[in-house]
Amino acid sequence: MHSEVAIPVTPPTTYRALLRNREFAGLYVSFALTVAASTLSGFALGTLVDRETGSPFLTAVSMYGATFATVIGATTLMSVADGSRPRRTLVVLQSVSLAGVAAQALPGLPLAARFGLLLVLGFFQSLGTGTRMGLVTALLPASAYALARSLMNITAGCTAVAGYAAGGLLLRSSTPGDLFAVATALTGAGLLVVATTLRERPIRLARRPGPRQTWRNNAALFAHPGRRALLLNLWVPNGLIVGCEALFISYAPDRAGVLLAAGAAGMLLGDLTVGRLLTAAQRGRTALLLRLLLAVPYLLFAVHPPMPVLTAAVFLAGAGFAATLPLQERLLALTPAPIRGQVQGVESAGRLACQGVAAAMAGGLAQYVAPAVAITALAALSVTITVASRPFVARASRPCPPLRAQA
């Protein structure tokens, strides 16, 4: 009789070895399909809102507005990432996403309804992220975590490049509604993959998940200043740069797809280099430089260089997003296994929420100043926060008491 082996005996050291794990491969494919659907639907909605309103603020919020609701999920029900059966949870959440994306494809849907759908989907997506990342740590050994996150980040970058490029091309001969239809099909495919490749796993927490359990674990997470410093640097600097990206459509409507694709391609290169080629020690040493690289190239928007120069700058800055890998690695080392799903969900939700806040800030600022000025201001703020918080992040890299699961 043959028994299924969920985790290889030898810890995987290559992307190919990771994908030999059938459940991780299914989780990975569903993640890729979900990112593709999100990229197309976000680009379609941003384009639709820009055409109907001409408002930089509403356009930016439409592209990243779902992130506002992730903080609600992080503070109320994120404990389901560890306390419920993950396969069933992912199937339910993917089904909700399918219904929401399909509703966006309805012609003539009022903008208010579209923004309402964004908030609902953002809430459930935050729970899905926590559940998915919790499964990654359950399926793979800790030594493979950075490699797995690198693979998923690279895939997100590749998918975003393809999605923005395809979206830009399709919109020349079709409508945003057509992009929503494609996104619906991709979301449905992701649901099918999850349902057919993952097996149910036991509940990890002894207590029943819910708001009280979520609050208790979150309180323990934020109790240590080192962990707070890690979360600040995972959330704010790159959130501000996403705010810069939210103004690409307003800055150059005909070239926004190129700029967005360049940023995604840079992110791909950075994650490939940092996650695959560097050791854990080397990743830790490059974290500060990567966070600076993330923002400094955007300062070029202040002098209005030619579009090829801006495209190269955005590509270079995209590599700086790889700074999340060493910071996430350190946060994981301070987190006990029973609540890793919730902690990673909180980290992801906070990062997305900061991206949404920064996108709204950028759009609001661009109502009064030129988009290039707003982009430069957000990039300068990102650099300032990175430099000012450097001592606290360095302190967090020293040994400190591990986070305790609240049983």
Condition broken by Gly128, with the remaining ones in (1) at pLDDT 80 or above; (2) under 22 Å from Val101 (Cα atoms) satisfied:
(1)
Taking the criterion of being over 15 Å from Ile154 (Cα atoms), at pLDDT below 85 and either out of contact with any Lys or Arg (no Cβ under 9 Å at 6 or more places or on another chain) or of a type in the set (S, T, N, Q) (or both), would at least one residue in the range 283-302 satisfy it?
no
Considering only the range 225-242, I want to know if a residue exists there that is out of contact with any strand residue (DSSP E or B) (no Cβ under 6 Å at 6 or more places or on another chain), surrounded by fewer than 17 Cβ atoms within 10 Å (Cβ to Cβ) and either farther than 24 Å from Phe392 by Cα or at pLDDT below 90 (or both).
yes
Would you please name the residue that is surrounded by the most Cβ atoms within 10 Å (Cβ to Cβ), looking only at residues in the range 150-172 that are at pLDDT below 85 and over 26 Å from Gly100 (Cβ atoms)?
Ser150
Hey, Ala359 crowded, with 24+ Cβ neighbours inside 10 Å, in contact with a Phe, Trp or Tyr (Cβ under 7 Å, 6 or more places away or on another chain) and at pLDDT 70 or above or not
yes
Being among the polar types (S, T, N, Q) and within 21 Å of Leu27 (Cα to Cα) is true for just one of Thr175, Thr155. Which residue is that?
Thr155
Looking at this structure, is Val71 touching a Phe, Trp or Tyr at 6+ places or on another chain (Cβ under 8 Å), at pLDDT below 85, closer than 30 Å to Ala360 by Cβ and assigned to a helix (DSSP H, G or I)?
no
So which residues in the range 258-283 are over 19 Å from the mean Cα position of the chain (by Cα) and buried (at least 17 other Cβ atoms within 10 Å of the Cβ), if there are any at all?
Val258, Leu278, Arg283
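The values are calculated or read from the model by the stated rules, or taken from the named source; none is laboratory data. Just so it is clear, the structure is predicted and the values come from calculations on it, not from any experiment. As a convention, Cβ positions derive from the backbone with ideal geometry for all residues, glycine included, and neighbour counts pool all protein chains shown.
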